[in-house]
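The block underneath contains the structure these notes are about, expressed in structure tokens.
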């Protein structure tokens, strides 16, 4: 094959595919520019709902990569290349990776849901995944709690969203449900009045939210009062500690007994 034949074939190729090449180049230039704009807009929109910058960057990268793959497939189709096989290969790869990372993907998806819908925030006291504690960190794959005894609990996000989530902090105030027992020989009305005065005298509780004091049970050795009142999150445990100390002192001062388990032993004299 001489030079003239080669030159003729090159000219034929250029004449046949010149428009496709120019169109492909323009498509790539405009496509990458549009993808960049879409990615920036998506990240800006996510910044309003997702606080974690790492999560925003990761999701933005997924959007960018997905759109670029679609763009390249579109350009390939302009040259008559069959893209069905490429789609099949990508689908198979995605399926294989999904099987290999099934647990991590579930945790990732759950982490995104937590960050977007804000079921809880750092500092909230929650119960989730069979554990209770104060939220220390929220990561894309796991959530870190600090238990009441200062244990660090790391829960995969899949377990967090896989069941009920109880958020004790989000409402701002919480209700105490306490029980106080008196003896059967004690005056119920007097005991109720004492309990009410103790509740009213507790510091930093929400009396405007209401309170309840009533006999809820006639137990084996005691008459049990249910005592309910509200306190803000920061005053919840201090109110609990003060309440029982004052109840004991006031009951002692007013001759109200607090029953405790007892056992009577009868000895028969043997002849």
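Mind jotting down the distance between the C-alpha centroids of the range 112-145 and the range 182-197, whole Å? So the two Cα centres are separated by 42 Å. Taking every alpha-carbon pair within the range 119-167, the share separated by more than 13 Å comes to 46 percent. By the equivalent-ellipsoid construction on the alpha carbon gyration tensor, the range 133-223 comes out with semi-axes of 39, 17, 12 Å, ordered largest to smallest.
Under 37 °C and 0.692 mPa s, how fast does the range 173-253 diffuse according to Stokes-Einstein, given a Kirkwood radius computed over C-alpha pairs? Answer in µm²/s, whole number. Let's see the in-between values first.
Details: Rh = 12.9 Å.
Estimated via Stokes-Einstein, D reaches 254 µm²/s.
Throughout, read-outs are computed from the coordinates displayed, never taken from laboratory work. All of these numbers come straight from a predicted model, not from anything done at the bench.
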